Amino acid sequence: MLKEAATKVRLNAHAPYSRFKVGAALRSTEGRLHIGCNVENVAYPEGTCAEAGAIAAMIAAGDTRIAELHVIADSPDPVPPCGGCRQKIAEFADPNVKVTLHTTDGQSVTFTVKDLLPGVFTAAHMTRT
Ligand code: THU
């Protein structure tokens with residue numbers, strides 16, 4: 001179901017510069033579905049990734065944590081989240097949460113959040129005890 005939702009929202013991506021559409025769908029720990037797609041901008045660094053869009057939708061809807069995340073793109077191999085998105089995912093997901101990456105031609109691979117970002121920077125690193 002998350003794969004289907006990511007597949008559908010991917011079609012809405014605004015990607016006129018890269019022509020690389022990405023869709024993301026997550027289930028929150030509250031049990032609701034949230035979706036996002038990449039939204040590029042002519043000022044290229046202003047573009048946002050699909051994962052960031054799904055996280056923003058989750059927070060805007062009042063949910064708090066990611067229980068599971070799926071991402072899909074039309075690529076030769078399942079495309080892993082960029083470095084910035086790994087940190088964004090880690091903000092809202094426990095280390096063992098699963099992130100499944102898909103290609104539009106049916107390949108899939110699943111990682112945990114801690115696989116994607118070992119040594120993650122957390123709030124604990126700002127606290128001396
Ligand atoms: N992109 C995503 O939305 N998520 C990823 O995991 C990888 C990259 C987008 C950003 C940009 O709009 C396009 O793909 C090419 O980098």
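The values are calculated or read from the model by the stated rules, or taken from the named source; none is laboratory data. In this text, all values refer to a predicted model and were calculated from it rather than measured experimentally. Note that we place each Cβ from the backbone using ideal geometry, even for glycine, and neighbour counts take in every protein chain shown. Areas reflect the complete protein model, heavy atoms only, side chains present, ligands, DNA and RNA absent. Shrake-Rupley method; radii C 1.70, N 1.55, O 1.52, S 1.80 Å.
Descriptive notes on the structure:
- Mean separation of Cα contacts under 8 Å, 6 or more apart, over the residue count of the chain: relative contact order %: 20 percent
- Backbone HN-Hα couplings from phi across the range 93-101 [Karplus 6.51/-1.76/1.60, Hz, Gly and Pro as x]: 9, 5, x, 8, 5, 8, 10, 10, 10
- Peptide packing: for 59-65, 70-76, the average count of neighbouring Cβ atoms within 10 Å per residue gives the ranking 70-76, 59-65, highest mean first.
- Between the range 1-16 and the range 28-86, the alpha-carbon center distance in angstrom: 10 Å
- Set of lysines near Lys21 by C-alpha distance (under 17 Å), chain-local residues within fewer than 8 positions excluded: Lys3, Lys8
- Taking the chain as a Gaussian network of alpha-carbon nodes connected by springs under 10 Å, the highest mean-square fluctuation of the residues Ser28, Ser108, Ser18 belongs to Ser18.
- Rounded to whole numbers, the Karplus 3J(HN,Hα) couplings from phi for the range 65-71 are 9, 8, 9, 6, 9, 10, 9 Hz, using 6.51 cos²θ - 1.76 cosθ + 1.60 with θ = phi - 60°, and x at Gly and Pro.
- Computed across the range 2-126, the Kirkwood radius stands at 14.4 Å (inverse of mean 1/r, all Cα pairs).
- Relative to the Cα centre, the charge distribution of the chain, modelled as +1 at Lys and Arg Cβ and -1 at Asp and Glu Cβ, gives a dipole magnitude of about 140 debye.
- Estimated 222 nm signal from helices in the chain, with DSSP H stretches of n ≥ 4 weighted -39500 (n - 2.57), rounded to 500: -7500 deg cm²/dmol
- Percent antiparallel among DSSP beta bridges (both partners in the range 2-126, rounded to 5): 70 percent
- Rolling a 1.4 Å probe over the protein heavy atoms gives the chain an accessible area of 57 Å² per residue.
- Entry note, the range 34-79: relative contact order of 30 percent, from Cα contacts under 8 Å with a spacing of 6+ residues.
- Close amide-amide hydrogen proximity is noted between Lys98 and Leu69, each under 5 Å apart and 5 or more residues distant or on a separate chain (H modeled in the peptide plane; Pro and chain starts excluded).
- Amide H within-cut-off set for Val79, under 5 Å, with H built and near neighbours excluded: Ala73, His102
- Residues whose placed amide H lies under 5 Å from that of Ala93, excluding near-sequence neighbours: Ile66
- Rounded percent of accessible protein surface that carbon and sulfur make up, the chain, 1.4 Å probe: 57 percent
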